[in-house]
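In what follows, a single structure is set out as structure tokens and then discussed.
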Amino acid sequence: MKTKVPVLIFLIMAFVLVSSARAQDGSKRLTPDEIANMPPSGAGAGTSGVSGIKTRVLKGDPTKPGVYTIQLTVPANTRIEAHKHPDDRVATVVSGTWFIGNGSEFDEKKLKALKPGSFYTEPPDVDHFARTGKTAVVVQITGYGPTGTEYVKK
């Protein structure tokens, strides 16, 4: 019986340590309400830098090497001139209609209307531009940092 007690204590401690490690594995499960309650920053790394954009960092740090996910809320009637990012990015429109196009200058005819649930890519160093319509747009972007934004010089 004396031998079983230390083994039982060891097993309990091992279970607690493994459970604790799983809880701290970096995984996240966020509901839309939890994301909405995260304090946003202004137009941060990985955004166009346009005033009024709210950024929530959901994973990682877009200013450092590694995978990151950001959620942008772009106000209604916002126009974003042609720019590019150094990293390969994928994005999903969460709400609103996002008008996005590729090219070295803003061209209304090249915009494609992407409704909620739409997916698009931003390959590294490819010039693109965007705008919102009468409502704000929420876009979720995942890339591999560090990211940045460089506007096309006219």
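The numbers here are math on the coordinates, done by the rules we state, and not lab data. Every value quoted in this text rests on a predicted model; they were computed, and no experiment measured them. Note: ideal-geometry Cβ built from the backbone for every residue, glycine included; neighbour counts use all protein chains shown.
Some points to look at:
- Members of K112/K134; K59/K134; K59/K109 lying beyond 25 Å, as alpha-carbon distances in this model show: K59/K134; K59/K109
- Cβ-defined net charge surrounding K115, 15 Å radius [Lys, Arg +1; Asp, Glu -1]: +3
- Net charge of the neighbourhood of G60, taken over other residues with C-beta under 12 Å away and scored Lys/Arg +1, Asp/Glu -1, is +1.
- Distance between the pseudo-spin-label points of T149 and V90 (7 Å out from Cα toward the beta carbon): 2.3 nm.
- Full-stretch length increase - K134, T97 - with 0.36 nm per residue and alpha-carbon distance subtracted: 12.4 nm
- Gain upon complete extension [T63, D127; 0.36 nm per residue less C-alpha separation]: 21.0 nm
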